[in-house]
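A quick write-up on the structure given underneath.
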Amino acid sequence: MPYKVKDTSLADKGRLLIEWAERHMPVLMKIRERFSREKPLDGVRISASLHVTKETAVLVRTLVAGGASVALVPSNPLSTQDEVAAALAEEGVNVYAWRGMNEREYYNAIGFAISHEPVVTMDDGADLTVTFHKLSMGVKGGDVDYAIETAGNRDFVKLIGNVYGGTEETTTGVIRLRAMAKEGTLKYPIIAVNDSYTKYLFDNRYGTGQSTWDGILRATNILVAGKVVVVAGYGWVGRGIAMRAKGLGARRVIVTETNPVRALEAVFDGFEVMPMGEAAEVGDIFVTATGDINVITVEHILKMKDGAILANAGHFNVEIDVAGLERIAAEKRRVRDYVVEYRLPNGKRVYLLAEGRLVNLVAAEGHPSEVMDMSFSNQALAVEYIVKSRGKLSLGVHKLPDELDMEVARLKLETMGIRIDQLTEEQRKYITGWELGT
């Protein structure tokens, strides 16, 4: 089987990491048991662009147990756990991933995934799906050219026409794919795994909330208590980050927003709300979680205190204007593994974490396995649903059926030893009927 990883001698350590994750992902392991018996993915070629972590390995093993042939590439140049990539390569998975890829290597990996000629794609951020579509449309550009280097010259129109459907893991990717659907360029149906309750209510809020601070603390070893924390964005990710900041003892937690409803929610949740231009003057730690570009600009950075720390929890490294910071900096130096100090023209210093990329995956290990248990169970069930629904799903971005979402929640509670009430027939009739009133 073809693969390209950093060092296959790391495989033993990778297997131990995967084993640890499996012990903490009981729902996905239950799905794997069923997949092993039923083989619902027999002969299905899957190409996945996901963070190559121990939790992703548990998902890949589950898909393989269901009969699938899987090609796995990263969804971020700095998020790959090389030990895990090595372990999967030794198991026969088509892995093309290592930590610290440059742009060309990253899109070479995307091309490698496309060369697998998938009938199902799995994505986290939509780079695989978007690049596949660009190839089929004959779009030119560096990313596409790099992908062709490994994909080769193929009939991409025919290849994309063979795809049953794809999945998308994260908010940023769903936004991109909905934009494609709106303009009529999406060529196969997508299941927005991110829109499942058992994904975004837990992964986005509790997973990112905890792992973002894990990354910040591993990178800096600072004390959060007594600090002023600024969180840009109050979606589910921002909610989790703000909640954990408060729990860590932050003296003030300030939220910046452009959406008035979310801003109002932040106020009612007990946080201060103000524009970034004002927050920039008082914050000690800044964390972006919006999915949008240039949320923290050079103008904001020049207003910051000496010693301000900048971190990003959004999928792409566009939320902090890193290029602008590089341009204006009088001097820069790496002071810790994932911390670069920039001296500004005004003499102040700011500290950028993880190159402005996903701090939880660059400086730490990403989400805890327990929360990825639900997200990746949704992914596995979404792939099975796509295969079963071949030819029946309309072009567009779809939500995973609610009954599958509820099944993941039910299994999670079961594995936690938690029981809940069941509706009686009388109660079921009451809440689904209209006859009974006061």
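The values are calculated or read from the model by the stated rules, or taken from the named source; none is laboratory data. Keep in mind that what you see is a predicted model, and the values were worked out from it rather than measured. Reconstructed Cβ throughout: ideal geometry from the backbone, glycine too, with neighbour counts over all protein chains shown. Remember, those area values only see protein heavy atoms, side chains included, never the ligands or the DNA or RNA. Shrake-Rupley method; radii C 1.70, N 1.55, O 1.52, S 1.80 Å.
At a glance:
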{"quantity": "Sequence of Y3, Y206, Y96 when ordered by accessible area, the most exposed leading, probe 1.4 angstrom", "calculated": "Y3, Y206, Y96"}
{"quantity": "Percent of C-alpha pairs per 10 Å bin, the chain, short to long", "calculated": "5, 21, 29, 26, 14, 4, 1, 0"}
{"quantity": "Accessible surface of the chain, 1.4 Å probe, proportion on carbon and sulfur as whole %", "calculated": "51"}
{"quantity": "Shape call, region 1-74: gyration tensor on alpha carbons, a/c limit 1.5", "calculated": "oblate"}
{"quantity": "Over the chain: helical MRE at 222 nm, DSSP H runs n ≥ 4 each giving -39500 (n - 2.57), nearest 500", "calculated": "-13500 deg cm²/dmol"}
{"quantity": "Highest-MSF residue in the chain out of Q422, Q210, Q379 [GNM, Cα springs under 10 Å]", "calculated": "Q422"}
{"quantity": "The chain, dipole about Cα centre (Lys/Arg Cβ +1, Asp/Glu Cβ -1), debye to the nearest 20", "calculated": "280"}
{"quantity": "Per-residue HN-Hα couplings for region 316-333 [Karplus 6.51, -1.76, 1.60; θ = phi - 60°; Hz; x = Gly/Pro]", "calculated": "9, 8, 10, 6, 9, 6, 5, 4, x, 5, 4, 5, 8, 5, 7, 6, 9, 7"}
{"quantity": "Links that overshoot a 27 Å alpha carbon limit, given the list K4/K412; K140/K187; K30/K246; K30/K182; K134/K332", "calculated": "K4/K412; K30/K246; K30/K182; K134/K332"}
{"quantity": "Accessible area (Å², per residue) of the chain, counting only protein heavy atoms and a probe of 1.4 Å", "calculated": "44"}
{"quantity": "Quotient of C-alpha Rg and 2.2 N^0.38 Å, computed over region 1-138", "calculated": "1.00"}
{"quantity": "Links that overshoot a 18 Å alpha carbon limit, given the list K39/K392; K305/K348; K39/K199; K158/K388; K303/K348", "calculated": "K39/K392; K39/K199; K158/K388"}
{"quantity": "Computed E for K388/K429 - FRET, C-beta separation, R0 30 angstrom, nearest 0.05", "calculated": "0.45"}
{"quantity": "Max mean-square fluctuation residue, GNM over the chain, Cα-Cα springs under 10 Å, options D155, D42, D127", "calculated": "D155"}
{"quantity": "Integer Hz, Karplus 6.51/-1.76/1.60 couplings in order for region 340-352, x for Gly and Pro", "calculated": "10, 8, 10, 8, 8, x, 8, x, 6, 10, 10, 10, 9"}
{"quantity": "Check: region 349-408 dipole with +1 on Lys, Arg Cβ and -1 on Asp, Glu Cβ, in debye", "calculated": "400"}
{"quantity": "Kyte-Doolittle mean at least -0.5 and Cα axial length at least 24 Å: DSSP H helices in the chain", "calculated": "369-388"}
